[in-house]
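The values are calculated or read from the model by the stated rules, or taken from the named source; none is laboratory data. Keep in mind that this is a model prediction, so the values were computed, not measured. Here the Cβ is made from the backbone with ideal geometry for all residues, glycine too, and neighbour counts use every protein chain on show. Remember, those area values only see protein heavy atoms, side chains included, never the ligands or the DNA or RNA. Shrake-Rupley method; radii C 1.70, N 1.55, O 1.52, S 1.80 Å.
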Amino acid sequence: MRRLLIAILFVLFIFHASLFACTDIMVGKLATTDGSVISSQTVNGTYDSRIIIVPAADHEPGEMAPVYEWIVYGDRMPLVKLGEIPQVEHTYQYFNNAYPFGNEHQLLIGETTQSGARETANSEFAIMTIEQLEVFALQRCKTAREAVQLMGDLAVEYGYRESCNLGEGLSVADPNEVWFFEVYGVGPLWKPGEGPGAVWAAQRVPDDHVSINGNYSMIGEIDLKTNRPPNVPEGDFLICDNYLDTAIEIGRYDPNGGEPFVWKYVYGNIKGKWSSRTARFFTLLNPSGNWDYNKTDDYPFSFKPDNKLSVYDVIELFRDVATGTPNDAEAAEAWYYKDSKGNPVKSNLASPQPGNDIKALLGIATVSNFASHSTSCFYINQCRSWLPDPIGGVVWFGLSNSQKTVVVPLYCANTEVPVSWTIVNRSDKTVDRNAAYYAFATVNKLSNQRYQVFMPQVIEVRDPIQQRLYKMQDSIEKVALELYNQDPALAIEFLTNYTSSVMLEVEKAYWKLADTLVLQLQ
């Protein structure tokens, strides 16, 4: 009867539709060139790209912490209180955003939605969105393992509530390790007090491995006797107690069917589906693996790359638009015309990210790449165990399309950013010169109009600044460490001022670039 009711509710439910193509890349400390641990995210879609720094705070005994909905649209929608949970004695400073992404202790997080099986649609009584789970983790935890366990426990107790898609995933890093966490609902009939309100699992990326998640579950087979994937150490996997019972109850797994329990098929619902970003990541970083490009649903959770990666390598990965591959939209034949002598000429309009009208007009097909024209913001999170937290944790933060933007170093204990990076209203269709986002978004939009002419000009601005910021990192942090040894507050003030100056410099450069490009439109 329960399955019949769920089936009926599927017909009645109108699921929230959202543009989702967020990508998380994770790198273990032995897979990086310097020992950093890396998590990351592109926030693709019309989401809140502001950087809001929420300070640390002490709380009174008996105080309650509110649970909100619509954090993801906080730039233009009022938060709606769904409930509350007991508050803790002390909460840490953290960066709030559509998807809160870091705290003062080098706990740094990225998010990516998971398609999920429709049977996992959440109940109206569930209150824990992924954004709110991130808030609680960043306020209360210092390590990735702690954060994963806390978010899983809260989702089970209070119910996981979808905000953008059926399932959610997080890359959760600290100075020593990086995990990937997935969570789904247990169906629309759940009520508080009537069993677990979520299913979740989390897998640790081995130190010498890399992993990716681009809206595409990657956690594989689970041994029902050990409750973890085969050949994965016990300490490298966490999972809720109810994962099997819930799968059976909602009709996603038949224990008598003779099939193994594969998490990404049962809950992630990816069987038979292909992921362009997953294929690109595996074949780019591990060409010796001879991966079947067209069969990504059986790729492993992680792999050892052929070469170690630097933070700059990951920045470059997020600029990838599949150039030189069969999915390179910029190379499509439709972009070519013949000149007066009959020679083929590539149109200046040729772009790896053409708009929908151009795609329809020319018959060009595209796939989802690491770089996306729809990105609100993105970040590459760098955690380092050999440095104090205020210096070791860096969020390389960028606004708009990751192919075209400079990322700036935002240190995890910084106490403020320029006002222009704290304001934006994406529901307002006018360009706001007071909001930094629009400098980068304007360059993104304009450069796509005459891409062959404009993109080289973007690179001329982007690369020198980006390379200088990256090369300066060691020198800046050497000064910061000397100050830290005198007084940690001095180091935090120094890094706060440094980040602010860089943000203003880059913002100014992109407004100037936008003004230059607009006069070259034809």
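Scanning the stretch 195-238 for residues that are closer than 11 Å to V156 by Cα and either part of a strand (DSSP E or B) or open to solvent by 10 Å² or more (accessible area, probe 1.4 Å) (or both) returns G195, P196, V199, W200. For the residues S402, S447, the requirement of being of a type in the set (S, T, Y), modelled with pLDDT of 95 or more, more than 24 Å from Q382 (Cα to Cα) and open to solvent by less than 20 Å² (accessible area, probe 1.4 Å) singles out S447.
Please tell me if V424 is β-branched (V, I, T), part of a loop (DSSP other than H, G, I, E, B), closer than 18 Å to T375 by Cβ and open to solvent by 20 Å² or more (accessible area, probe 1.4 Å). No; evaluated as a whole, the condition is false for this residue. L108 passes every criterion in (1) in contact with a Pro (Cβ under 8 Å, 6 or more places away or on another chain); (2) under 30 Å from Q353 (Cβ atoms); (3) open to solvent by less than 30 Å² (accessible area, probe 1.4 Å) apart from (1).
Of all the criteria given as (1) within 17 Å of R118 (Cβ to Cβ); (2) open to solvent by 20 Å² or more (accessible area, probe 1.4 Å), the one not satisfied by P192 is (1). Consider the stretch 234-264 and keep the residues that are touching a strand residue (DSSP E or B) at 6+ places or on another chain (Cβ under 7 Å) and among the acidic types (D, E). The one that is farthest from V172 (Cα to Cα) is E234.
Please indicate, with yes or no, whether at least one residue in the stretch 253-266 is under 26 Å from V37 (Cβ atoms) and out of contact with any Cys (no Cβ under 8 Å at 6 or more places or on another chain).
yes
Yes/no matrix, rows are residues, columns are (1) part of a helix (DSSP H, G or I); (2) within 24 Å of W179 (Cβ to Cβ); (3) under 23 Å from the mean Cα position of the chain (by Cα):
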position: F301; (1), (2), (3): no, yes, yes
position: I315; (1), (2), (3): yes, yes, yes
position: T325; (1), (2), (3): no, no, no
position: A334; (1), (2), (3): yes, no, no
position: V345; (1), (2), (3): no, no, no
position: A350; (1), (2), (3): no, no, no
position: D357; (1), (2), (3): yes, no, no
position: L361; (1), (2), (3): yes, no, no
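Among the residues making up the stretch 266-281, those that are in contact (Cβ under 8 Å) with a residue 24 or more places away in the chain, surrounded by 14 or more Cβ atoms within 10 Å (Cβ to Cβ) and not basic (K, R) are V266, Y267, G268, N269, I270, S275, S276, T278, F281. Are any residues in the stretch 256-265 in a strand (DSSP E or B) and open to solvent by less than 10 Å² (accessible area, probe 1.4 Å), and if so, which ones? Residue satisfying the conditions is F261 alone. Anything in the stretch 290-299 that is loosely packed, with under 15 Cβ neighbours inside 10 Å and assigned to a helix (DSSP H, G or I)? List them, or say none. Passing the criteria: only D298.
Conditions tested, residue by residue: (1) in contact with a helix residue (DSSP H, G or I) (Cβ under 9 Å, 6 or more places away or on another chain); (2) touching a residue at least 60 places away in the same chain (Cβ under 8 Å); (3) surrounded by fewer than 20 Cβ atoms within 10 Å (Cβ to Cβ); (4) farther than 30 Å from Y265 by Cβ.
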site: N97; (1), (2), (3), (4): yes, yes, no, yes
site: E134; (1), (2), (3), (4): yes, no, no, no
site: C141; (1), (2), (3), (4): yes, no, no, yes
site: L150; (1), (2), (3), (4): yes, no, yes, no
site: Y160; (1), (2), (3), (4): yes, no, no, no
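Each residue in the stretch 34-61 was checked for being assigned to a strand (DSSP E or B) and surrounded by fewer than 24 Cβ atoms within 10 Å (Cβ to Cβ), and 5 of them qualify. Residues that are of a type in the set (S, T, Y), farther than 22 Å from A56 by Cβ and in a loop (DSSP other than H, G, I, E, B) within the stretch 75-124 comprise S115, S123, listed in sequence order.
Taking only the stretch 324-356 into account, find how many residues are open to solvent by 60 Å² or more (accessible area, probe 1.4 Å) and of a type in the set (G, A, S).
Count: 2.
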